[in-house]
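Values in this text are rule-based calculations from the coordinates and carry no lab data. It should be emphasised that the depicted structure is a prediction, and the values quoted were computed from it without experimental measurement. No Cβ is skipped: glycine too gets one built from the backbone with ideal geometry, and neighbour counts run over all protein chains shown.
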Amino acid sequence: MYNLLLKELKLGVSPFFYILPFLTGALMLIPGWLYFIVLLYFCWITVPNMCGAYKSQNDLQFSLMMPVTKKDIVKAKVAVIVILELLHIVTAVIFGFINTQLYPDFTNFFFGPTVGFWGLGFIMLAIFNLIFISMYFKTAYKFGAPTIVAITAAMLFAGGAEWLGIKNSTIFDLFKGSGADNLAIHVPILLTGIVIFAVFTIIAYHIAIKRFMKVDI
Amino acid sequence: MMALDVKNLNKKYEQFQLKDVSFQLKKGYIMGFIGANGAGKTTTIKSILNLTHFDSGDISTLGKNFIEHELEMKQVIGYAFGGVNYYTRSKIKNVTNVVKKFYKHWDEDTYNNYLKRFDLDENKKIAQLSEGMKVKYNLALALSHGSKLLILDEPTSGLDPVARDNLLDLFQELVEDGEISILFSTHITSDLEKCADYITYIHNGEIINSAEKEEFINTYRLLNGSESQLEKVKDDLISYKENSFGFTGLIHEEDFDPTLEINSARPNLEEIMIYFSKREGLYV
């Protein structure tokens, strides 16, 4: 599995996608922006391009030629998605921190880069992973429909959360009002987000294995 | 010991099925797997390697059930589907560096020897290699991790006659010590006349015959006779072609009655394939 992961990182994924998180992360410096978009770039750009490259490079056949099981292949590919997602989040968090230093008194209409916001970011990617990973491995090469459905669900979550943050006074207060600096509430939100991210991704991984086992190469 | 033992392999698709495919390859020999396009060669090979699910059957490689010992078996089986058609924009060097990490018995010296022998430049990208070179690169990879069984799907298709001949010489050299066995599929029957020890012929998802090469050919006779003679043997022929002089047709050796005094000759593999596929046409 470790060798397969190395294979993915060295051959499968273009180095561009390791740089992209820094480019999209820098968008956190736009004051008052809709920061969910920064993470969504991963879903919009990296995922379809990466899967397109797998398909055109005949990656599945290559991977299966190696002494590995189909389960290992799913594991390695899910690991790559998670690694890239974490890279996107970590760089966005760093740029988010710079944002708060640059504009300390800025009033955000949408969610600002608070600790709890990143928990919501994790939940959004968890929803994306659950749908995308489980749908993609039905064929392991058709990525169009899984990407569209997963992105739509992630965006609905982001849109819904932003809408609540504007309309609901408790949530407004928590993220943009007096509670914005309250780590006692924000850290649990972040941790909950991380747990949901892990659980959803693990569920997706198990569904993916079941489906990929039935795929004829 | 059997290098490969396929027993009663069945796999049903909507418009095609493998029916009770069985054959054995003894260790240290070359088996040619022939059949027309779409006869089921690749499906059989993919089933052997667990790339495609089969509905029923048993596959053993080097004496062990393949599915139960998949990882262990893949360490000692080299396989190639034609040339290298993956990561074609990457340099050979980079692909090899990834591939070699997977194998416990990777031998760098053997690999370098094959690179030299095949005249492969590690700094070239796969896309820059000719078809023949791609097959050779695949073989170099397979042989450097100590493969005991090579399963090659149409390795000679798309190669020029010289490259094909070189490759066939290499196959023979590889099996000389009796350690390596080769199963290769092809529809170029002259390749098999040159180097195969055994022939397995698949037609429409069914194994027509699997035997030692001479025995395989001797199972059939090619008849050449007049129209009146055709009437006498018509029902026993596998199929026949009529021409202005009479007919030519293929018959099982056992069905051939020498007392009829029809000219008969030893067919070649190509003729056997052609007449079998013609049989199908007769019944349609």
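Results, tabulated for the structure shown:
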item	result
Max mean-square fluctuation residue, GNM over chain B, Cα-Cα springs under 10 Å, options B:SER56, B:SER22, B:SER144	B:SER56
Label zone at A:PHE109, where the point sits 7 Å out along the Cα-to-Cβ direction: the range A:11-52 residues whose backbone N lies under 12 Å	A:32-34
32 Å Cα-Cα threshold exceeded, pairs from B:LYS26/B:LYS91; A:LYS71/B:LYS100; B:LYS12/B:LYS101	B:LYS26/B:LYS91; B:LYS12/B:LYS101
Positive-end extreme of charge dipole, the range A:2-213 - chosen from A:THR192, A:PHE97, A:VAL80 (charges on Cβ)	A:VAL80
Axial C-alpha extent at least 15 Å, average Kyte-Doolittle at least 0.5 - helices from chain A (DSSP)	A:70-102, A:115-136, A:144-167, A:183-213
Percentage of interatomic Cα-Cα distances in the range B:2-216 larger than 20 Å	57 percent
Inter-label distance for B:GLU131 and A:ALA184, nm, one decimal - labels placed 7 Å from Cα along Cα-to-Cβ	7.5 nm
Ellipticity estimate at 222 nm from DSSP helix runs (n ≥ 4, -39,500 (n - 2.57)) divided over chain B, nearest 500	-10000 deg cm²/dmol
Total charge dipole magnitude, the range B:219-283, about the Cα centre, Cβ charges on Lys, Arg, Asp, Glu only, Debye to nearest 20	180 debye
Dipole magnitude of chain B, debye to nearest 20 (Cβ charges: Lys/Arg +1, Asp/Glu -1, about Cα centre)	1480 debye
Percent RCO, i.e. relative contact order, over chain B, from Cα pairs under 8 Å lying at least 6 residues apart	22 percent
Packing-based exposure ordering (other Cβ within 10 Å, fewest first) of B:VAL21, B:VAL233, A:VAL149	A:VAL149, B:VAL233, B:VAL21
Among A:ASN58, A:TRP44, A:ILE30 the positive-end extreme of the charge dipole of chain A (Cβ point charges)	A:ASN58
For the range B:1-64, alpha-carbon Rg over 2.2 N^0.38 Å	1.09
Descending semi-axes in whole angstrom, ellipsoid equivalent of chain A, from the Cα gyration tensor	34, 17, 14
In nm, spacing of pseudo-spin labels at B:LYS100 and B:GLU254 (7 Å Cα→C-beta vector)	5.4 nm
More than 14 Å apart - percent of Cα-Cα pairs taken over the range B:111-189	63 percent
Counting all C-alpha pairs of the range B:219-283, share separated by more than 14 Å (%)	51 percent
Compactness of the protein assembly as shown, expressed as Rg and Dmax over alpha-carbon positions, Å	30.3, 109
Dipole moment magnitude, nearest 20 debye, the range B:145-240 about Cα centre, only Lys, Arg, Asp, Glu C-beta charged	260 debye
The range B:95-136 - Rg (one decimal) and Dmax (whole number), Cα, Å	10.9, 30
Helix-only CD estimate at 222 nm, as mean residue ellipticity for chain A, using -39500 (n - 2.57) per DSSP H run (n ≥ 4)	-24000 deg cm²/dmol
Value of D in µm² per second that Stokes-Einstein yields for the range A:31-130, Kirkwood Rh from Cα pairs, at 25 °C (0.890 mPa s)	158 µm²/s
Candidate aspartates and glutamates - alpha carbon under 19 Å from A:LYS77, same-chain residues fewer than 8 apart omitted	A:GLU8, A:ASP59, A:GLU85, A:ASP216
